[in-house]
């Protein structure tokens, strides 16, 4: 029997990290692709060289990734965002594969990623969970969390992500995180389902 690989995604401010933490509290290993990507972008020599080649020396302050510069560049130009993702996603995919190999004793693991469908990493997973919330609520959450961002910046990020409606269509399961429905029962239902899903080599 092999380890079931579950993906969890959702637009910015949807609350996917909160949902992932609940799964983690239930004993489920969670791979945070976005955090790992940030780490890899500052430690992977090949990726660092490629970023410098494509985005110039301003993409780094010495050995430190210039996140503010890169964010400004890619969110103003969808093609540059595509190029950056094309560099980063394969390195994250390789890192995730190594991580899964260390968790083969687990019934199932969770991979959290904002751009799961965009990066096509969903194709490597068994089931996909989308966390859904109204856009106005998502914007409110992000502005409260990231005080340095403006309303327009958050809207721009949302526009650069796959529409939530499309994510939900592609999902195997949807968790509604609209602050009106209880989320823990939704998580527990999926936890029970995944623990009882037969997967064989």
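The values are calculated or read from the model by the stated rules, or taken from the named source; none is laboratory data. Source: prediction; values computed, not measured. Please note: Cβ atoms are built from the backbone with ideal geometry, for glycine as well, and neighbour counts cover all protein chains shown.
Can you give me the ranges of the helices (runs of 4 or more DSSP H) entirely in the range 1-104 with at least 2 residues that are under 30 Å from residue 196 (Cα atoms)?
The qualifying helices (runs of 4 or more DSSP H) are 16-25, 33-43, 78-101.
Against the conditions (1) over 14 Å from the mean Cα position of the chain (by Cα); (2) surrounded by fewer than 22 Cβ atoms within 10 Å (Cβ to Cβ); (3) at pLDDT 95 or above, where does residue 147 fall short? Just the number, please.
Failed condition: (3).
Given the condition touching a residue at least 12 places away in the same chain (Cβ under 8 Å), in a helix (DSSP H, G or I) and crowded, with 20+ Cβ neighbours inside 10 Å, answer yes or no: does some residue in the range 172-189 qualify?
yes
Report yes if residue 40 is under 27 Å from residue 7 (Cα atoms), assigned by TED's automatic domain parsing to the domain that holds residue 3 and touching a residue at least 40 places away in the same chain (Cβ under 8 Å), otherwise no.
The answer is no for residue 40.
Tally up the residues in the range 16-39 that are over 19 Å from residue 93 (Cβ atoms) and under 11 Å from the mean Cα position of the chain (by Cα), please.
The qualifying residues number 1.
I need the full set of residues from the range 40-53 which are exposed (fewer than 13 other Cβ atoms within 10 Å of the Cβ) and either under 15 Å from residue 83 (Cβ atoms) or within 15 Å of the chain's Cα centre (by Cα) (or both), in order please.
Listed by number, the residues that qualify are 49, 53.
Please go through the range 98-136 and pick out each residue that is surrounded by fewer than 18 Cβ atoms within 10 Å (Cβ to Cβ) and more than 15 Å from residue 5 (Cβ to Cβ).
Correct list: 134, 135, 136.
Can you tell me which residues in the range 64-85 are touching a helix residue (DSSP H, G or I) at 6+ places or on another chain (Cβ under 8 Å) and more than 23 Å from residue 148 (Cβ to Cβ)?
Scanning the range 64-85 gives a single hit, 83.
Being in contact with a strand residue (DSSP E or B) (Cβ under 7 Å, 6 or more places away or on another chain) and under 21 Å from residue 30 (Cβ atoms) is the requirement here; does residue 115 meet it?
For residue 115, the condition - in contact with a strand residue (DSSP E or B) (Cβ under 7 Å, 6 or more places away or on another chain) and under 21 Å from residue 30 (Cβ atoms) - is not met.
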